[in-house]
1. Provide the per residue accessible area, probe 1.4 Å, for region 4-108, rounded to a whole number of square angstrom.
2. Pairs LYS175/LYS319; LYS126/LYS175; LYS481/LYS634; LYS386/LYS650: which are spaced more than 27 Å apart, C-alpha to C-alpha?
3. Given N residues in region 4-108, what is Rg(Cα) / (2.2 N^0.38 Å)?
4. Run the accessible area of region 153-204 with a 1.4 Å probe and give the carbon-and-sulfur part as a rounded percent.
5. Roll a 1.4 Å probe over the protein chains and send me the accessible area per residue for region 387-461 in Å².
6. Give the residues of region 1-35 whose amide nitrogen is closer than 16 Å to a point set 7 Å from the Cα of GLU56 in the direction of its Cβ.
7. Under 13 Å from the Cβ of TYR447, count the other residues' Cβ atoms, weight Lys and Arg +1, Asp and Glu -1, and hand me the total.
8. Tell me which of THR35, PHE80, VAL62 sits at the most positive position along the dipole axis of region 33-107, charges placed on C-beta atoms (Lys, Arg +1; Asp, Glu -1).
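The values are calculated or read from the model by the stated rules, or taken from the named source; none is laboratory data. Every value quoted in this text rests on a predicted model; they were computed, and no experiment measured them. Quick reminder, even Gly has a Cβ in these numbers, built from the backbone with ideal geometry, and neighbours come from all protein chains shown. Heavy atoms of the whole protein, side chains included, go into the accessibility calculation; ligands, DNA and RNA do not. Shrake-Rupley method; radii C 1.70, N 1.55, O 1.52, S 1.80 Å.
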Amino acid sequence: MADSKSYREKGNEYFKSEKFEEALSSYDQALESSTLKDFDKAVLYKNKAACYLKLEKYKEAVEDASRSLDLSPNDPKALFRRCQGYESLDQAENAYKDVVQLIKVDPQNTAAKQIYNRLNTVMQAKVKQQNSTMNKVSQMFNICFDSSERDKRLLGLNNLIVLSGEDAGANTIIKEGGLAKLKSVLLEKDLEIVQGAVRVLATLTKGSKLRSSAIITEVGLTTLLQLMSRMETAEMASSAALAVQNIITYFTGLDAHQAILKKYEDDKKKGERLMYPHLKLSEESKSFLHEVFKGLIKMLISGKVTSFARDSAMELITKNVTSRTGVDWTKPFLETEGVENLLIVAGTQKEFKTIPVNPESSMHASVALSKIYDDLINDKLREQFKEKCHEYFRELFSDGILESKIEAVAALASLLQGPYEVGGMLLGIEGVTELMLTLADSGNPQYQKVAVEAIVSSASKKDRCSRILQDAVPILKKLYKSAGDHIKVRALVGLCKLGSFMGTDASTHPMADESTQKLAKICRKFLINANKDSDLRKWATEGLAYLTLDAEIKEDLVNDVAALRSIFDLAKEADMNTTYASVTVLVNCTNSYDKQDIMPELVELAKFAKQHIPEEHEKDKPEFVSQRIHKLAKAGVVNALVALSDTDSKNSRELLSRLYVSLASEETLRGLLIQQGGIKSLLNLMNNNTDNGTIMVAHTLAKISVTSDPHFAFPGQRIYEVVRPLLSLLNVDRSGLQNFEALMALTNLSSVSESVRSRILTEKGLSLIEHYMFEEHEMLRRAATECMCNMVISDKVQELFEGENDRVKIMVLFAGDDDIPLVQAAAGALAVLSSRPSICQKIVQVSSWLDILQVHTVSELPDIQHRACHIIMNIVLAGKDLASLVAESPMLEILIAVSKQKDPRAETATNAAQSALDKLVEYGLIQANQEGKVPELFLDILRAQLRKTREEEEKRLQEEEEEEKRRKLEEIKEKQEREKRLKEIDEKIIRDKQEFSEEDGVKIRELTEEEAAVLEAGQRVNEAEQVANETDERQRTQTTANSEPVVEDKTVEENDEIDKEELEKGDVWNNEAGLPD
């Protein structure tokens, strides 16, 4: 019990010192005592609740206050703290109940009465709203379910969708029996009316497990799946799929898991080591998901399911199949016919009329198969997946039915666009490649179309591309000349792949000159065809995605506005792969792809080894790229990017991020990005993006923030949303440019308002900014200090500077730096901070404070002079003791001189100096008439002296630098001369070397005096270098020799010679000082 009491008292001390985390730890230790009474436990729990309230952890505060109330019902403090927690969590009803009970228990509690008055107003408004909502729901029920007018019913259902978007409206609809009424509408034949009812159900499920559970119970999962199966348009099928998806998300708790996962990813980026959060499902949720899975698998190959419903079923599978962000259906797919069913859909030909499919169905199947394969966690499962695919294709290729082989080739094309590793394995089956080439040369348009798609898809990897396309080139050229455009454009893409083998290397051309330009020209013609056939445009765009690695083709494309706009339009309306191809074209045109930096040494090595070295095209230089970016902007690329930012593909989102960086790198285009909705698009791209893409989005936002007015660029809530992306760039893994532009952007944002500065603090940005104040690079150090100059306007930041740390000292030392912008920022921060007497006290504790401020108070730069005078004024105003330090120093004469200056640019500095002098007179530290003792030109004299000193210092440094350069040049020159002479001598010796002869023997030529002198000089240099390297060791030997008596070395007597190695180890005989007389 004694330990518990001491822990509680320790916790109370921590609480008073505002160390709330430590207080919580102490209270938890106190609660561990087994002898505590309920009353004592209740006190500890309500104390913990108070800590959580201070830490803004309102959920935990409510939980601990509730525990206290369980042990001590109606405790006023516990009620009050739980009420505060509920109110902060926007749970007004619960807060209102607690405050009503609190007033009953403690009628004199004025704080409770204030909360009661506030909550009473809120509750009255809620009651009024509920009554209004109930009336609206009742009216809509009458229109939707009792009216016979179709238009009115559609309007009523749309109004119900709006009402169900709010909790009050959604709960009222269910409470008033709306689910049974909506279920009856689902059985009607008018599918548009049915779609309206489905959309109401989809909205009702959103954000509520209870409402989702009610829909499962009253409407039924089977009803929704059957309804989705008969939807005849893509929009209708998507509405039904959305209802099912929302139930999956909110009934199983997938939404909460995804939020936890996002927090885990954010914490992981900060360096925290945490356990990976796996989705935990109740038995009820597992049973429900099993039913959904079975229903979707059956829908894949059912002939009664519409093509649009089948596509929606595959979309549901794709969204939920993974273990990471979904509900982990990958293993069930391997345990059932799921993989086979997807392959059936992928290979189904509309002409065979087996099951209804759309042109996009094979792509949906490809994406689903790719998701499943990528999510398999080990080789065993991947081998099982491959074996299922292998067995499926073996059966189709061996059954002797031509239609089966056609479907197998089509399914293979889908696999090659999805899990390429599996498709590549299947290409190795004997006869598959030959079958593809035979079908391509068959003369049957349908067979040719399927075969060419497979050939083009099989050429996704360069090594395979060269092998397969070389065999297929004659056939592709033949098909390219065919009458059918759809076959012609597919053959064209195959030829485009062949033409793009060497990427951006301008020195190598796999095709004849101008062949690739001709292919690109034909692709552009398909893009602007009069029929606007989306299939032709899709394939033409894919061809350009390969060809636009060539700079000439980039230039031609950006000058073809009609083709560009066709690509923009196609990207908005097409499937995921076409979106990716369209964005790839734009990335290539703007050179937004990664470029590998090649070390010059490696280039020289490659030249020496006679290896091929890629060359950059003349038109890929920065000035040409800049021109292309401006042309794309003029053609409307920003609007296209905004529309494309809703894509679900992470790879496409990264490419979009790359394009935004390229656009924002052109300062003149940043305003256009803001005007055309780029900011909203960028904030959207921060989510569901690759790590690299997220960094690029943040960098784009930083570029825009640096040069734009934050009020205009980030209106409303967006200014707070942009803080976190900018802070993510303050990381050692980011480039120096990203660090610098992020700091500049934060400087701009932090000048806007206190709420923005608070957001930066909340996101723990202050420590990140401070880190860069200590960077060696002066630009980063300066930018961080400028940002801190704005941050110190916040009272919370000023309180941090008041703490026991060296923050103020650092600022004072920065103010004494030679870098003028750094001095301006540091002095500006001190001018703000010095409004607090405690910080003035810390300033004068820095030994060099007076010297630094004396220099700046006479500065010829008005900004710096004003800041310095303002700091001195604040120090004087902080109290008589600090003011006396100024009055007793040369600063007094400087202040008098500054107060007399007539320069209108320095008016603020003059006023600050005069205010300081007036206060010194008020303290009685100086007399009013002392102002006349300083000469009129005193300030000018001081400035002249400082200027002269600065010039002399600069001159001295310049002379030292020049002397150092001269010395290094002489050393280099001497070394080169020496090496040259030695080389000449070596060559001459070799040239003059005498050959052996039997009569004369070996003839040795004597060196000339000049040659001997050069060799001797080279030897002396080498010996000098060796002596310099051994100086320390010889000095130690000298010391030993002088301090110790010389002992006669018996080894010398016994041996006539001393080993050279021993001498080098430091024997006394190697030191002339130790030689005997």
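1. 56
2. Too far apart for the 27 Å limit: LYS175/LYS319; LYS481/LYS634.
3. 1.04
4. Whole-percent figure for carbon plus sulfur exposure: 51.
5. 38
6. It comes to 20-21, nothing else.
7. Neighbour charge sum, excluding TYR447 itself: -2.
8. THR35
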